[in-house]
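Undergrad: Let me give you the structure first, and then I'll get to my questions.
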Amino acid sequence: DFSYRFFASRQLADGAGHPVGQLCVLDETPRTLASHHYDVLRTLVQMAQSELERQQEAARRRRGEALHDRLQRVLQMIARDEPIDLTLEALMYLVEGQLPELSATLHWLDPTEQVLRPVAAPSVPEAVVDATDGLPADAEAGSIGAAVHDGAEVLDDDALASIHWTELRAAMQKAGFTSSWSV
């Protein structure tokens, strides 16, 4: 059962000066800090911030290495002429790995029927993928169809209210998607 009678703290900041935490010293014994104690606290803060920056840099390096490895895998799949659907799925996983809060899809325009066909959508619910299969490339076929139809990037911040998602709104809502971006 620990109850402290002394508390001292200093703010920790990242390399850009943004606060990231507190270094706290607790003691059961009441005390007053002398000036050299403040020097010790400043030194401890500098050490903690240096370690934090080292760990953040190591994490950035690991993410960069992982990206490089995944990209190499996709390039090797292309070089080995592996099935296009598997290669494109690996590419979508690569995109999702860089933007983990997003789900990626790749559609193509069937030249004979002039409709959209899903090619790769590894993390998108099957109901959404099925709902987009066979849609015409027009403004009401989601941002996907609108982008193909207009030949331009389409960003729907609120897909559930967008004119692009009229026919697909229920599938989008059920899957929990609220916005869409297509190129």
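The values are calculated or read from the model by the stated rules, or taken from the named source; none is laboratory data. Predicted, not measured: the structure shown is a model, and the values here were computed from it. Cβ coordinates were reconstructed from backbone atoms using ideal geometry, including for glycine residues, and neighbour counts include every protein chain displayed. Accessible surface areas use protein heavy atoms only, side chains included; no ligands, DNA or RNA. Shrake-Rupley method; radii C 1.70, N 1.55, O 1.52, S 1.80 Å.
Undergrad: Take the alpha-carbon centre of segment 115-149, take the same for segment 163-180, and report the distance between them in whole Å.
TA: 11 Å
Undergrad: Just from its helices, what would the mean residue ellipticity at 222 nm be for the chain, if runs of 4 or more DSSP H residues each count -39500 (n - 2.57) and the sum is divided by every residue, rounded to the nearest 500 deg cm²/dmol?
TA: After summing the helix terms and dividing by residue count, I get -15000 deg cm²/dmol.
Undergrad: Taking 7 Å along the Cα-to-C-beta vector as the label spot, tell me the Ala127-Ala170 distance in nanometres, rounded to one decimal.
TA: If labels sit at Ala127 and Ala170, their model points lie 1.0 nm apart.
Undergrad: Please report Rg over Rh for segment 79-183, where both radii come from the alpha carbon positions and Rh follows the Kirkwood definition.
TA: 0.96
Undergrad: In addition: What is the sum of charges, Lys and Arg at +1 and Asp and Glu at -1, for the other residues whose Cβ falls under 13 Å from the Cβ of His68?
TA: +4
Undergrad: If you don't mind, another one. Could you state the orientation-averaged shadow area of the convex hull built on the Cα atoms of segment 28-123, in nm² to one decimal?
TA: 11.2 nm²
Undergrad: Also: On a 0 to 90 degree scale, rounded to 10, what angle separates helix 84-98 from the longest Cα axis of the chain?
TA: Taking Cα atoms only, the helix is inclined about 30 degrees.
Undergrad: Keeping every protein chain present and rolling a 1.4 Å probe, give me the accessible area per residue for the chain in Å².
TA: 66 Å²
Undergrad: Note down the nm distance, to one decimal, between modelled labels 7 Å out along Cα→Cβ at His36 and at Ser179.
TA: Distance between label points: 5.5 nm.
Undergrad: Please express the Cα-Cα pair-distance distribution P(r) of the chain as a list of whole percents, one per 5 Å bin, running from 0 to the bin with the greatest distance.
TA: Percent of pairs per bin, in order: 1, 7, 11, 13, 11, 9, 8, 7, 7, 7, 6, 6, 4, 3, 1, 0, 0.
Undergrad: Another question, then. Take every Cα-Cα distance within segment 1-80, group them into 10 Å bins from 0 onward, and report for each bin the whole-number percent of pairs it holds.
TA: 15, 29, 21, 15, 11, 7, 3, 0
Undergrad: Could I ask something else about it? Can you send over the carbon and sulfur percentage of the accessible area for segment 66-183, probe radius 1.4 Å, protein chains only?
TA: The C+S portion of the solvent-accessible surface of segment 66-183 is 56 percent.
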